[in-house]
Amino acid sequence: MRLFFALWPPRESARALADWASGLGGRAIPAEKIHLTLAFLGEAEPQKAIAAARRVEASAHRLPIEMAKYWKHNRIVWAGPRETPPDLKTMVDALHFELFRAEYILERRPFAAHVTLVRNARPPRQLPPLPEVDWPVREFCLVRSSVDSNGSTYGIVERFALN
Ligand code: 2AM
């Protein structure tokens, strides 16, 4: 099973981001697939990951979606906070620590809070202003990804509530 931990936006926020992205060229991510990845496990068994995530104690907070950017190295357009909110940083550090203790091997690249909105994007001259997006973070999810001819489909395996 291909697994990752993520934050999922409220439906109307995902819709607003998908609408914004749909005019940019490239492959806009459909609203129901928009998410923020916290930790990517790859092929893994879910049991130990679920136990590890249950040990994470973190506070509910809001994710500000303040800026949009094009990344040349993987040709994506993403949106996200200007700076990772401290509560999110604490939560991700705790999750990574618990996953490490459970012997999952995570990528060494540092966590960058970003929500991919377009893949195969062309370098934009200028990105239009983002819509107002409310993204309360009250839980995080373990998600399974299956890849088929239509691309990836995601299914939530388990949800973990924040305080
Ligand atoms: P991305 O949006 O920056 O590509 C599901 O694939 C999610 O896991 C995506 O949000 C993707 O981030 C993220 N991810 C992180 N590391 C990955 C990896 N090595 N392979 C595939 N996806 C990865």
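Only the coordinates and a few stated rules stand behind these numbers; no lab work does. Values in this document were obtained by computation on a predicted structure and should not be read as measured data. Ideal geometry is used to build each Cβ from the backbone, glycine not excepted, and the neighbour counts take in all protein chains shown.
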Handout entry: For ARG62, residues with placed amide H under 5 Å, excluding near neighbours
Key = VAL137
Problem - Average Cα contact separation per residue, the stretch 2-161, under 8 Å, 6 or more apart, as relative contact order % - result: 35
Problem - Karplus-derived HN-Hα couplings along the stretch 36-47 (A = 6.51, B = -1.76, C = 1.60, θ = phi - 60°), whole Hz, x at Gly and Pro - result: 10, 7, 9, 7, 10, 9, x, 5, 7, 8, x, 4
Completion exercise
Sorted by chain and number, the residues with a modelled amide H under 5 Å from that of HIS35, at a separation of 5 or more or across chains, are THR116
Handout entry: Peptides 143-150, 57-64 ordered by average Cβ neighbours within 10 Å, highest first
Key = 57-64, 143-150
Practice task
Pop out the ³J(HN,Hα) list for the stretch 4-10 in order, Karplus 6.51 cos²θ - 1.76 cosθ + 1.60 with θ = phi - 60°, rounded to Hz; leave Gly and Pro as x.
Solution key: 8, 9, 8, 9, 10, x, x
Practice task
Let me know the whole percent of all Cα-Cα pairs from the stretch 1-76 that are separated by more than 19 Å.
Solution key: 51
Completion exercise
Binned at 10 Å starting from 0, the alpha-carbon pair-distance distribution of the chain in whole percents comes out as 10, 39, 37, 13, 1
